[in-house]
1. Is one or more of the residues making up the stretch 203-217 out of contact with any strand residue (DSSP E or B) (no Cβ under 7 Å at 6 or more places or on another chain) and within 30 Å of residue 584 (Cβ to Cβ)?
2. May I ask you to verify whether residue 141 is surrounded by fewer than 22 Cβ atoms within 10 Å (Cβ to Cβ), over 30 Å from residue 415 (Cβ atoms) and modelled with pLDDT of 95 or more?
3. Identify all residues within the stretch 448-467 that are crowded, with 24+ Cβ neighbours inside 10 Å and either out of contact with any strand residue (DSSP E or B) (no Cβ under 6 Å at 6 or more places or on another chain) or among the charged types (D, E, K, R) (or both); write none if there are none.
4. Go through the stretch 160-227 and tell me which strands (runs of 3 or more DSSP E), entirely inside it, have 1 or more residues that are among the aromatic types (Phe, Trp, Tyr) and under 30 Å from residue 581 (Cα atoms).
5. Of the residues that sit in the stretch 342-378 and are in a helix (DSSP H, G or I), without any contact (Cβ under 8 Å) to a residue 40 or more places away in the chain and polar (S, T, N, Q), which one is surrounded by the most Cβ atoms within 10 Å (Cβ to Cβ)?
6. Out of 295, 257, report the one residue that is at pLDDT below 95, part of a loop (DSSP other than H, G, I, E, B) and out of contact with any Pro (no Cβ under 6 Å at 6 or more places or on another chain).
Amino acid sequence: MIDSIQATPGSPLPLGSTVTENGVNFAIFSRHAKRVWLLLFNEPTASRATQIIELTHRTGDIWHTHISGLGHGQLYLYQIDGPYDPGYGHRFNKYKPLLDPYAKAITGNFEWDLSQAFGYDAHARHSDLTLSTTTNLGGMPKCIAYGADGFDWEGDKPINRPLSETIIYETHVRSLTSHPSADVAHPGTYRGVIEKIPYFKDLGITAVELLPVHLFYEKEFERINPLTDEALINYWGYNTLAFFAPHNAYSHLPTDRGQQVVAFKEMVKALHQANIEVLLDVVYNHTLEGNHLGRTLSFRGIDNSIYYMLENNKQYYRNFSGVGNTFNCNHPIGQDFIIDSLRYWVQEMHVDGFRFDLATILARGPKGNIPADPPLTIRISEDPILRDTKIIAEPWDLGGYQVGHFPGDRWAEWNDKYRDEMRQFWRGDPGLTGALATRFSGSADLYYHSKQKPNFSINFVAAHDGFSLNDVVSYNYKHNEANGEDNRDGHNHNISYNFGIEGPCTDPHVEALRNRQIKNFWVTLLLSQGTPMINGGDEFRRTQLGNNNAYCHHNEISWYDWSLVEKHADIYRFAKSIIGLRKAHPVFRRRKFFTGSDINGDRFPDIRWYNADGRDATWSGDSRTLMLTLDGSKEEIGANRDDVDVLMMFNTDVKPKLFTLPLTPHGKAWQLVVDTSLPSPLDIHWPEPTINLPPSKKHYLVKPRSTVVLFSNW
């Protein structure tokens, strides 16, 4: 409650609201503003401010004041006056309440009403040139002055696991535990993630990568599922509203005074105690405010021409994001904001790293060009606070593609070439053996030239955006009718194959082929050089029913049906075992690229490729078979013992192929570890003992669409 308060000049830094011993300091940037008011509230749904205080103290471009008598949990908004002149890029509107970009928490637990948040006259929606004079404080969420919460981290420290030791599990907080079969006490929440930690430990992953948890507005568009009449929402969260605040709807605690911050911290601490890192999918490339006809909620009303990249006609926004606007990431103010946000999530929330959505936007200059040395991406990679965090780029945007040459020394990258070429290879497309060899070896064509390492390639065959792995082998076409966009949205180029039946089927032959193909993908992904990323639920054949763009579904299309763990127990066992196999053998986790040469003075290279007949690979244009050996003695990553030698055979043909076995690099017998054509539990011998092949065995018949892995111990 606001009783006796007193305003003094306060400090221009830090930006945001800072709880002090006797009050709260407020500071906000705006270069072109003429007047700034701070609105204080007692309740989240209050339609009238308890106090309105004009900020008369300005240091440079920062408006600031200190209000004594306030404390942790104080609710507030801003109103800012200045020129409303869209043609010159200015969209100030003193009637519109604004969120503080630096707010650590935003009120929830009530239905927001943002219908009056448009800065132009709502009766002229076709034009944004007429100032709106309406307001709606009651429906607007409020910022929360968040101070010390007394959270006990119990000595929690960053895990700092090397990328070479990392196995990423990408998941959505809600999808993970919203289905009734999840059997958790707090479905769809940060606490629900905690309840699934025993499962993560059993599976063997080392990091969870969470789809956006920065606050977003779920009901930003009005559309229904034409198949069910169910309301569709912004489910994934790739339209951020507040970049310091955890999403309210994922908190099992109340959110009126910032308890969602504690709920998030509890999740991070629990995952760290289980030795699992936390990575966040972050969206600094654009904001919820949309195009020139979008809402005025924060940046647009604070200083539009600074925070956004504008066209030459400044009424309009450059749109490299594809959703209406582009955040001005390489203006110094935009840079500072992003760095401050990242530092906050590392220092205060203890997260271990970030995956940057449409990261090429971070590299764009003021006019949309991509300079050779963009300041922000280099600054992120060199920032002393962020130095030990994992930073992963989605290295493209609407008009730029930077896979293999994203600027900055520490950046790992989502490698979509790995996804596409592995799908093509296992679909049986001819002439893909060279692509398999390149991607399996760590994509040296993309990363060696920049002196990066194999683990800079984030390898994946499925992700949240696109088909699930089950659907890659079950559908030839996308089925996005439930999205309400007449199946126009989502990619058409899915590189998938349904084995003759579109979608679910009961044909045992087709199901056996699909299972085999899924195992082939698991073997390839987990044993390739690079850092593997698993699409959550692929380990038990989670399906989205052919929907490859499920961004709007808070329903069973997106939720994980945990009954599938039992239904597809053979797939789960295989996935868990192949993860364990990778973790047990450093030969699959190299920190340097293969040379393909005899580096130790003997006659065996660290990697060698063969045709099925045992001769050196000729990379035939129509070949669908390939074989390789890995020499475990040439592992350079500091293991205190030599690793196993490895032989792998790939056959994507529809016919069986007889492979001639090469000699083991060190004269020992080959042992069978994996044969994806065999039924469970014979398909993988891990951690069960491997099976010795007879010394006289010179050939191995690899069944159609199968992978075979042999080991030779020292």
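1. Yes, because at least one residue in the stretch 203-217 is out of contact with any strand residue (DSSP E or B) (no Cβ under 7 Å at 6 or more places or on another chain) and within 30 Å of residue 584 (Cβ to Cβ).
2. no
3. 454, 457, 461, 466, 467
4. Values: elements: 168-171, 207-210, 214-216.
Because the criterion is at least 1 residues that are among the aromatic types (Phe, Trp, Tyr) and under 30 Å from residue 581 (Cα atoms), the strands (runs of 3 or more DSSP E) in the stretch 160-227 that meet it are 168-171.
5. Among those that are in a helix (DSSP H, G or I), without any contact (Cβ under 8 Å) to a residue 40 or more places away in the chain and polar (S, T, N, Q), it is 377.
6. 257 is the lone residue from the list that is at pLDDT below 95, part of a loop (DSSP other than H, G, I, E, B) and out of contact with any Pro (no Cβ under 6 Å at 6 or more places or on another chain).
Every residue, every condition in (1) among the charged types (D, E, K, R); (2) at pLDDT 95 or above; (3) assigned to a helix (DSSP H, G or I); (4) crowded, with 20+ Cβ neighbours inside 10 Å, yes or no:
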{"residue": "380", "(1), (2), (3), (4)": "no, yes, yes, yes"}
{"residue": "392", "(1), (2), (3), (4)": "no, yes, no, yes"}
{"residue": "398", "(1), (2), (3), (4)": "no, no, no, no"}
{"residue": "405", "(1), (2), (3), (4)": "no, no, no, no"}
{"residue": "413", "(1), (2), (3), (4)": "yes, yes, no, yes"}
{"residue": "417", "(1), (2), (3), (4)": "yes, yes, yes, no"}
{"residue": "426", "(1), (2), (3), (4)": "no, yes, yes, yes"}
{"residue": "436", "(1), (2), (3), (4)": "no, yes, yes, yes"}
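The rows are residues; the columns are (1) surrounded by fewer than 18 Cβ atoms within 10 Å (Cβ to Cβ); (2) small (Gly, Ala, Ser); (3) out of contact with any Pro (no Cβ under 8 Å at 6 or more places or on another chain); (4) closer than 24 Å to residue 24 by Cβ.
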residue: 78; (1), (2), (3), (4): no, no, no, yes
residue: 87; (1), (2), (3), (4): yes, yes, yes, no
residue: 97; (1), (2), (3), (4): no, no, yes, yes
residue: 108; (1), (2), (3), (4): no, yes, no, yes
residue: 118; (1), (2), (3), (4): no, no, yes, no
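The values are calculated or read from the model by the stated rules, or taken from the named source; none is laboratory data. Keep in mind the model is a prediction, meaning the values are calculated, not measured. Neighbour counts run over all protein chains shown; Cβ positions are idealised from the backbone, glycine included.
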